[in-house]
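The values are calculated or read from the model by the stated rules, or taken from the named source; none is laboratory data. A quick note: this is a predicted structure, and the numbers were derived from the prediction, not measured. All Cβ positions, even for glycine, are placed from backbone atoms using ideal geometry, and neighbour counts span all protein chains on display.
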């Protein structure tokens, strides 16, 4: 019988180990599987996400601007691993602002993201994640990834939803063109400052919208609207003439969408004028109230101005208010300033988006505001006022466009001011504006990703749990160490006695 030498046996063992290693890796790459052992399936991808990933044909680059010390960093990595395991078209890049500040700043400039530093000197970015396909970009902030409920001490993860939304949006082949009207002293998209539109325009362009201005004060205003998917009228100070209003109506009837953000038009005497939009909105049962709404509910008013003209409006059930409402509960409100009411006829198909409280009042003129005469308004004049409304017209479609014509009417310009994006406290206002544009452009999620279960937002200890912590720290852990030490000493003595007895024998 042939006996192999030890050297040959070693070689065979090494070769076998190499074959097993290579085969295991090949099988692992071909039949890769991951298991989500979290109690609520936080990293289990939903069917809409799986369908989206299976339909990818182009590479999607996802750049994460989070340091390793960020609490969200681990969750983002685990989730992107699940995305990459499903589709080879997902390419993830991680840039740590603390470890590689040069690359971080370079990529910020490449993607047009503001750069800055936190209070402790670390580099910070307004976007935590950038999703890109070629020249198209989608930006995800920390506020988008998780929604905190400070009152309940809960956090609702939205990471899967925002990642899938971003992937869907950067796959859109055609850019949506948003046209801001000019010719009636409207706000310009280039106007700076907290009450300008520059920040709103920047956000639109970051999210793959094309933005331009359309002058309606011309002989043929309809031609100025050619190619516009969504028309925005923001802050006009002069009434619209019938020709311009008819051109806007033709735009809607052809399947376009329309955003009217119109506050009270005040003349030099303090009277509130008609904005001249009846030819556009009248047949659909919508009209501006030509008034100024004051809020008398103290918990909703802001401590600025005359008192009550800056307040928190309550969102109503509608897709635009997604994230502001959770079921019937209001999680975030919208700050409005110098707002007029929006009147809806009984037969109108429009639905309310924002409302004031039942204690609000309205005044028909700016006269007497300085003297506070409006405060003498009797209580019988109090009541809820509609401050914004939405209308969908499925019967009006542009040829070749599967989306219905949509209209959003808001009685103030303040919801689009740059301050909504510059001041963190105005998160609800920012979300309302972004969701309104997305709904008008039919751009939000073509797939509906189910929301994950709420998780504790922090460490909350009851008296019982504190007692358990004390027991573990003061009793169980020290006792375990003592017992383990006693066992080690016992074993060593036993081994020493055994070796001594063996030596004597």
### Query
Hey, any hits in the range 65-74 for a residue that's over 13 Å from residue 159 (Cβ atoms) and touching a residue at least 60 places away in the same chain (Cβ under 8 Å)?
yes
### Candidate set: the range 82-106, residues that are surrounded by fewer than 16 Cβ atoms within 10 Å (Cβ to Cβ) and touching a strand residue (DSSP E or B) at 6+ places or on another chain (Cβ under 8 Å); chosen: the one nearest to residue 44 (Cα to Cα)
91
### Query
When residues of the range 49-62 are filtered for being modelled with pLDDT of 85 or more and surrounded by fewer than 18 Cβ atoms within 10 Å (Cβ to Cβ), how many remain?
8
### Query
Hey, among the residues in the range 346-361 that are buried (at least 20 other Cβ atoms within 10 Å of the Cβ) and part of a strand (DSSP E or B), which one's modelled with the lowest pLDDT?
361
### Task
State all residues of the range 229-250 that are assigned to a loop (DSSP other than H, G, I, E, B) and in contact (Cβ under 8 Å) with a residue 60 or more places away in the chain; if no residue qualifies, say none.
229, 235
### Query
What are the residues in the range 226-251 that are on the phi > 0 side of the Ramachandran plot and surrounded by 15 or more Cβ atoms within 10 Å (Cβ to Cβ), if any?
235
### Query
Would you call residue 214 assigned by TED's automatic domain parsing to the domain that holds residue 281, buried (at least 16 other Cβ atoms within 10 Å of the Cβ), within 16 Å of residue 281 (Cβ to Cβ) and touching a helix residue (DSSP H, G or I) at 6+ places or on another chain (Cβ under 8 Å)?
no
### Matching residues, the range 285-295, being surrounded by fewer than 20 Cβ atoms within 10 Å (Cβ to Cβ) and either at positive phi or in a loop (DSSP other than H, G, I, E, B) (or both)
285, 289, 290, 291
### Task
Provide a single number: the residues in the range 296-345 that are more than 15 Å from residue 414 (Cβ to Cβ) and assigned to a strand (DSSP E or B).
9
## Note on the structure
When residue 61 is run through (1) under 21 Å from the mean Cα position of the chain (by Cα); (2) assigned to a strand (DSSP E or B); (3) within 13 Å of residue 128 (Cα to Cα), the failure sits at (3)
### Query
Does at least one position in the range 272-284 carry a residue that is out of contact with any strand residue (DSSP E or B) (no Cβ under 8 Å at 6 or more places or on another chain), assigned by TED's automatic domain parsing to the domain that holds residue 335 and touching a residue at least 60 places away in the same chain (Cβ under 8 Å)?
no
